[in-house]
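Chemist: I have a structure here, written as C-alpha cells, and I will follow up with some questions on it.
The values are calculated or read from the model by the stated rules, or taken from the named source; none is laboratory data. If you're wondering where the values come from, they're calculated on a predicted model, not measured in any experiment. All Cβ positions, glycine included, derive from the backbone under ideal geometry; neighbour counts span all protein chains shown. Heads up: the accessible areas ignore ligands, DNA and RNA and are worked out on the full protein's heavy atoms, side chains in. Shrake-Rupley method; radii C 1.70, N 1.55, O 1.52, S 1.80 Å.
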Amino acid sequence: TRSVEAYRAYEAGMRSYYGGDGPGAEKLFREALSKDPTFAMAQFYYSLSTSNGSRAELSTRLKRAVELAERASDRERLMIRATWAFLNSSPSIRAYAETLMVRYPTELEGYLMAGQGAILAADFRSARGPLLEVIARDSLGLKGQTVRCLACEALEALIGSLGQEDSLAAALAMAQHWIGLQPASARPRRYLALLLGQMGLPDSARRVLRGADS
C-alpha cells in the first residue's frame, strides 16, 4: 500500500494478532482496508482474524484477498493462494506449499500446508515429516502466545491422518504427547476422548472429557 494511514493500522493489527487479541486485530485490519481497499495483506489477515466463527464470512473475505494477491510480494501471494486452496480442498495446495518451503524455509505455514495437502491426497506417509517440523518449531503457538497455534493445527492434522490410516494406537500416543505439550489445554484432551470412543472405550472417553471440561 502507498497509504501511510493504512499501513499504520495494518502494523498495529499485526501486533494485536500475534499478541493474542483477535477481535482487536480484526478491527484494525478493517480500518486499514477503509484507508486502502486494495491492500492485499490487510485483507488476508482480516480474513484470518474473522471473529464471528462464520466459514462463509471467512471464505468471502479470503476470496477478496485472492483477487488482490497480484499486488502482494511473492511470499505473500503464495501464502494467500495456499490458504485459499486449503480452505477449498484444492489439490493445488501441494504445489504452493512446496514452493513456500523451498523459497521461504523459515515460514512454518509452508510445512503445515504441505502436510495438509498430502493428507488431502491420501499420501499420509508424506504428511508426517512437514507436520512434525511444525510441531517441533512452533513453541510460541504451543505456549498460547499467538492467536493461531500452527503446532496445534499440525497435531490435529497428524492425529486425523493416523486415524484415517487405522493407526489408532499411534494416534492415541500422539494425542497423549500433545497433552504433555499443553497440559493446561482442553483441546488435546477432546481429541484423546474422540480416539478412545473410536476404540470402544466410552467410559475412558467420558473421564477424559470431564477433565477437558474442567
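Chemist: Considering only protein heavy atoms, what per residue accessible area in square angstrom results for the chain with a 1.4 angstrom probe? Write down the numbers at each step before the final one.
Modeler: Values: 10830 Å² over 214 residues.
Accessible surface, normalised per residue, equals 51 Å².
Chemist: So, in nm, how far is label R207 from label R30 when the simple model puts each one 7 Å beyond its Cα toward the Cβ?
Modeler: 4.7 nm
Chemist: Cα atoms only: what Rg and Dmax, in Å, come out for the stretch 1-52?
Modeler: In Å, with Rg to one decimal and Dmax whole: 9.5, 30.
Chemist: Okay, moving on. Please give the length that would be gained between S89 and S73 if that part of the chain were fully extended, namely 0.36 nm times their separation in residues minus their C-alpha to C-alpha distance (nm, one decimal). Each step should come with its number before you reach the end.
Modeler: Working: separation 16, 0.36 × 16 = 5.76 nm, distance 2.39 nm.
Taking S89 through S73 to full extension adds about 3.4 nm, to one decimal.
Chemist: With all protein chains present, calculate the accessible area of S167 using a 1.4 Å probe and round the result to the nearest 10 Å².
Modeler: Here the residue's solvent-accessible area equals roughly 40 Å².
Chemist: Could you give the dipole magnitude of the chain about its Cα centre, charging the beta-carbon of Lys and Arg +1 and that of Asp and Glu -1, in debye to the nearest 20? Display every interim value, and only then the final one.
Modeler: Details: 27 positive and 23 negative charges, 61 e Å.
The dipole of the chain has a size of about 300 debye.
Chemist: Here's another thing I want to ask about it. Compute the Cα gyration tensor for the chain, then decide on rounded, prolate or oblate, letting a ≥ b ≥ c be the square roots of its eigenvalues: rounded whenever a/c is under 1.5, prolate when a/b is larger than b/c in the other cases, and oblate in all that remain. Each step should come with its number before you reach the end.
Modeler: Numbers: a/c = 2.31, a/b = 1.63, b/c = 1.42.
Here the chain falls in the prolate category.
Chemist: Still on this structure, I have one more. Rounded to whole Hz and in sequence order, give me ³J(HN,Hα) for the stretch 75-80 from the Karplus expression 6.51 cos²θ - 1.76 cosθ + 1.60, θ = phi - 60°, writing x for Gly and Pro.
Modeler: 4, 5, 4, 5, 4, 4
Chemist: Starting from the Cα of L132, step 7 Å along the direction of its Cβ; do the same at E107; then give the gap between the two resulting points in nm.
Modeler: 2.5 nm
Chemist: What list of ³J(HN,Hα) values in whole Hz, one per residue of the stretch 95-109 in order, does the Karplus curve 6.51 cos²θ - 1.76 cosθ + 1.60 (θ = phi - 60°) give from phi, with Gly and Pro shown as x?
Modeler: 5, 5, 5, 5, 5, 4, 5, 6, 7, 9, x, 8, 8, 5, 4
Chemist: Is the stretch 37-105 best put as rounded, prolate or oblate by its Cα gyration tensor, with a ≥ b ≥ c the root eigenvalues, rounded for a/c under 1.5, and otherwise prolate when a/b is larger than b/c, oblate when not?
Modeler: Numbers: a/c = 2.11, a/b = 1.36, b/c = 1.55.
Taking the square roots of the gyration eigenvalues as a ≥ b ≥ c, the stretch 37-105 is oblate.
Chemist: Given bins 5 angstrom wide, list per bin the percent of all Cα-Cα distances in the stretch 51-178, short to long.
Modeler: 2, 11, 19, 21, 21, 16, 7, 2, 1, 0
Chemist: For a label point 7 angstrom out from the Cα of A170 toward its Cβ, which stretches of the stretch 185-205 have the backbone nitrogen within less than 18 Å?
Modeler: 192, 195-196, 199
Chemist: Per residue of the stretch 32-45, what does 6.51 cos²θ - 1.76 cosθ + 1.60 with θ = phi - 60° give for ³J(HN,Hα)? Whole Hz please, x for Gly and Pro, Karplus curve as stated.
Modeler: Coupling constants for the stretch 32-45: 4, 5, 5, 7, 8, x, 9, 7, 4, 6, 5, 5, 4, 6 Hz.
Chemist: Could you please state how large a percent of the accessible area of the stretch 106-214 is carbon and sulfur, counting protein chains only and using a 1.4 Å probe? Please report the intermediate quantities before stating the final value.
Modeler: Details: 2770 of 5270 Å².
The C+S portion of the solvent-accessible surface of the stretch 106-214 is 53 percent.
Chemist: Report the per residue volume, in Å³, of the convex hull enclosing the C-alpha atoms of the stretch 111-187.
Modeler: Details: hull volume 6.1 nm³, N = 77.
Taking the convex hull of the Cα positions in the stretch 111-187, it is 79 Å³ per residue.
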